[in-house]
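Reviewing the structure listed below.
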Amino acid sequence: MTVPTLASIREAPGLDAYLEALEERLQATVDSHPGLVAAVGGQALAAGGKRLRPALVFLSAPPGTEPSLAAGVAVELVHMATLVHDDLIDRAHFRRGKAAAWSVYGPDAARATGDYLFARAFAELSATGDRDAVEILADATLGLARGEALQRTQAHDPATSVDAYLERCALKTGKLFEAACALGGGSGAYGVALGIAFQIADDVLDCSGVTIETGKIAGTDLRDGTPTLPLLLAAQRDAVVRTALAGGPMDGALVRVAATGALEQSLAVALDYASRARACLNGELHRDELEALTHAVVNRER
């Protein structure tokens, strides 16, 4: 069996046209209020991305309904806003091989740009007059904020429990996946499980030296003291990793993570969440693509 890829799922009938229209709408929305924040937002947009969340909006649409372009734009703008803010908080100098906004324009401009993108997201959605949709996105955005706060409290703590880590994944990643699916008219539960699987796979890639998929420099989580599943599992077995995660010397620690078997164990957990996502599917128009997506988010290059 050929393992599906994120790119191959774009072959779903109508999805490519939807994403092309999405790019045009994103550009128009970001450019709508000319000035510094629009210019910085335009650079964040030009950095590209998988557009996975808008794809979920499209793929979740029930038979006979038109996928909401406004919802796809809104969830992607929220995602872009979080990346701009995350890079600022983490002092990450690069995103997808390009200089992060704060490192070029300064912290104040980056903070304002993230806020602008959030505002444009809600402007797009509120213009539809769908109060329920706005409430769904607002709940997801609250989850993102709570997840970020949780990550701050867990920083440099190798004693963080796996349950606490999974809660953070559900808030920081799962909630926006949930919102994308719900805004499309599909299963929010599928979105949460898929988002957790996606985040665990991202955290494994960060430890295995692959940067194309994550958009970050490999080893960022260990350097920042962010307790991810592979790092937590490795820290339980290796004192060098535990010390590095707590803020100590990093020399050789990343290599030792792989030696503990933590990457394989983490991927097994990601596969379990992918299976949970598949169990939520029931008669969707794009069931095949949604099922393929559960394999694609975990089986990325590593």
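List of remarks:
- Summing charges over neighbours of ALA71, with a neighbour being any other residue whose Cβ is under 9 Å away from its Cβ, gives -2 when K and R count +1 and D and E count -1.
- Highest-MSF residue in the chain out of ASP16, ASP251, ASP206 [GNM, Cα springs under 10 Å]: ASP251
- Crossing angle, helix 69-90 versus the chain [Cα axis fit, 0-90 degrees, rounded to tens]: 30
- Prolate/oblate/rounded call for segment 73-206, Cα gyration tensor, a/c under 1.5 rounded: oblate
- The ellipsoid that matches the Cα gyration tensor of segment 159-302 has semi-axes, each √(5λ) in whole angstrom, of 30, 14, 12, with the longest given first.
- What segment 258-299 shows is 45 Å² of accessible area per residue, with the surface traced by a 1.4 Å probe over protein heavy atoms.
- Taking label positions 7 Å along the Cα-Cβ direction at both SER8 and ARG287, the computed distance is 2.0 nm, reported to one decimal.
- Reference-scaled alpha-carbon Rg (2.2 N^0.38 Å with N residues) for segment 1-156: 1.08
- Shape class of segment 29-120 from the alpha-carbon gyration tensor: prolate, with a/c at 1.5 or above and a/b greater than b/c.
- Accessible area of the chain belonging to carbon and sulfur atoms, whole % at 1.4 Å probe: 54
- If the segment from ALA164 to SER126 were pulled out straight at 0.36 nm per residue, it would be longer than the present Cα-Cα gap by 10.3 nm.
- In a reduced charge model with +1 at each Lys and Arg Cβ and -1 at each Asp and Glu Cβ, the chain shows a dipole moment near 580 debye about its Cα centre.
- For segment 53-118, the set of chymotrypsin sites (Phe, Trp or Tyr not before Pro) satisfying both a DSSP loop assignment and a count of at most 11 other C-beta atoms within 10 Å is empty.
- Tensor-based shape of the chain (alpha-carbon gyration tensor, a/c under 1.5 rounded, otherwise prolate or oblate): oblate
- Angle in degrees between helix 36-46 and the longest Cα principal axis of the chain, rounded to the nearest 10: 80
The values are calculated or read from the model by the stated rules, or taken from the named source; none is laboratory data. Please read all numbers here as calculations on a predicted model, not as lab measurements. Note that we place each Cβ from the backbone using ideal geometry, even for glycine, and neighbour counts take in every protein chain shown. Side chains are part of the model used for accessible areas, which takes the heavy atoms of the whole protein and leaves out ligands, DNA and RNA. Shrake-Rupley method; radii C 1.70, N 1.55, O 1.52, S 1.80 Å.
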